[in-house]
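Q: First, the structure itself, so that you have it in front of you.
The values are calculated or read from the model by the stated rules, or taken from the named source; none is laboratory data. Only a predicted model underlies this, so the values are computations on that prediction, with no experimental measurement involved. So basically every Cβ, Gly included, is an ideal-geometry build from the backbone, and we count neighbours across all protein chains shown. These area figures cover heavy atoms from the full protein model, side chains too; ligands, DNA and RNA do not enter into them. Shrake-Rupley method; radii C 1.70, N 1.55, O 1.52, S 1.80 Å.
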Amino acid sequence: MKRALTGIKPTGNVHVGNWLGMIDPALALADEYEAFYFIADYHAMTTVRDPAKLRKFTLETTATWLALGLNTDRAALFRQSDVPEVCELAWILSCQIPTGVLERGHAVKSAKDGGLDVNVGTWYYPVLMSADILLYDSDIVPVGRDQKQHVEVARDLAVKMNHHFGEGTLAVPTVSIKDSVATIPGLDGKKMSKSYGNEIPLWLPPKKLRKLLMKIVTDSTPVEEPKNPDGDTVFELYKLLASAEDTAALRGRYLSGGFGHGHFKQDLFEALDALLAGPREEYQRWVDEPDSVKQVLQRGSERAREVAAATVDRVRSRTGLT
Ligand code: TYM
């Protein structure tokens, strides 16, 4: 069976961008692929320096996958740091990558843009991410558009390793980005991101969620005038959540005039809340039972380590480390 792999950093609230851009497509792939989905806690360390927070975010991010319906009887859901083999593979891969590739890395650029220090972990980020992908012989990697460059680095490294050490040393992965959700906008219309502070957290209680959605930036067309739905953040989000029929109806109300942005935001709230109400309860149930979450991660890591150990053995023998 072919494998799908992806990761998410436990650095804060999981948001609507993570859900629509990656989690939802990854859940769909988990039906036809053998899924290896993990919580990238080593990666989170480039920014999170509080152990209690790292644990809390790891629990919450795992609970999110479970609440949204990942079937862990079939999929391995695990914590990246439970498979330390990834660090060994990362070292081996780092010996194949020119420093210039890392200088141009997306994580380095966004750290610089955000005024953060570029620590070696941030710089090394694409190497560790490549190791994540290559360790599990992944065929397909579902991600949002912002991770495309990183998956390409992994591909290049697999090709290079196969060139030096023989075909079949590492499987060459393919990126999977669903166009319609590749870059989900945040409250201000820019890409939704924890580091821009424009995110819509998935698990807000309904009242808070509604209040936050009312803050979405819109233009100032008066209520009575027609409005352009295309490119409007509220509409762009709504159409990803609602049926084609409801989307067409909302489009009609934008174009007819007589409705304010507050009305449209209320529609968005209702659509989002209807989808999240059930999972929200599931989420709370998992968060309240950290031991059950730990058991899921434990089981996932056992499966992940089996595959990881076989890959590392193969790489060690191909490269002369045995
Ligand atoms: P992270 O934690 O930043 O984001 C998790 C996933 O959510 C996607 N995403 C978005 N998609 C669409 N629109 C948005 N506004 C949006 N914001 C976030 C991201 O593209 C990502 O797919 N480096 C990864 C974690 C990682 C990983 C891996 C992923 C570590 N190792 C190996 C795949 C394979 C990251 O920081 O994701």
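Q: Scan Val151, Val175, Val127 and give me the residue that is crowded, with 21+ Cβ neighbours inside 10 Å, of a type outside the set (Asp, Glu) and in contact with a strand residue (DSSP E or B) (Cβ under 6 Å, 6 or more places away or on another chain).
A: Sole residue among the options that is crowded, with 21+ Cβ neighbours inside 10 Å, of a type outside the set (Asp, Glu) and in contact with a strand residue (DSSP E or B) (Cβ under 6 Å, 6 or more places away or on another chain): Val151.
Q: If you don't mind, there's one more thing I want to ask. Report, by residue number, each residue of segment 1-44 that is closer than 19 Å to Gln80 by Cβ and either modelled with pLDDT under 95 or assigned to a strand (DSSP E or B) (or both).
A: Hits for segment 1-44 are Arg3, Ala4, Leu5, Thr6, Gly7, Ile8, Glu34, Ala35, Phe36, Tyr37, Phe38, Ile39.
Q: A follow-up question, please. Output yes when any residue across segment 202-213 is within 14 Å of the ligand (Cβ to nearest atom) and either part of a helix (DSSP H, G or I) or modelled with pLDDT of 95 or more (or both), and no when none is.
A: Yes.
Q: Further question: So which helices (runs of 4 or more DSSP H) are wholly in segment 241-322 and hold at least 2 residues that are out of contact with any Cys (no Cβ under 8 Å at 6 or more places or on another chain) and touching a residue at least 40 places away in the same chain (Cβ under 8 Å)? Full working, then the answer.
A: Working: elements: 244-256, 261-287, 290-319.
So the answer is 261-287, 290-319.
Q: Ile39 passes all but one of (1) more than 20 Å from Gln149 (Cβ to Cβ); (2) open to solvent by 40 Å² or more (accessible area, probe 1.4 Å); (3) among the aliphatic types (A, V, I, L, M); which number fails?
A: With respect to (1) more than 20 Å from Gln149 (Cβ to Cβ); (2) open to solvent by 40 Å² or more (accessible area, probe 1.4 Å); (3) among the aliphatic types (A, V, I, L, M), Ile39 is out only on (2).
Q: Another question about this same structure. I'd like the full set of residues that are within 6 Å of the ligand (Cβ to nearest atom) and either small (Gly, Ala, Ser) or in a loop (DSSP other than H, G, I, E, B) (or both), limited to segment 183-195.
A: Thr183, Ile184, Met192, Ser193
Q: Now, a different point. Touching a helix residue (DSSP H, G or I) at 6+ places or on another chain (Cβ under 9 Å), farther than 25 Å from Lys208 by Cα and of a type outside the set (S, T, N, Q): does that describe Arg251?
A: It is true that Arg251 is touching a helix residue (DSSP H, G or I) at 6+ places or on another chain (Cβ under 9 Å), farther than 25 Å from Lys208 by Cα and of a type outside the set (S, T, N, Q).
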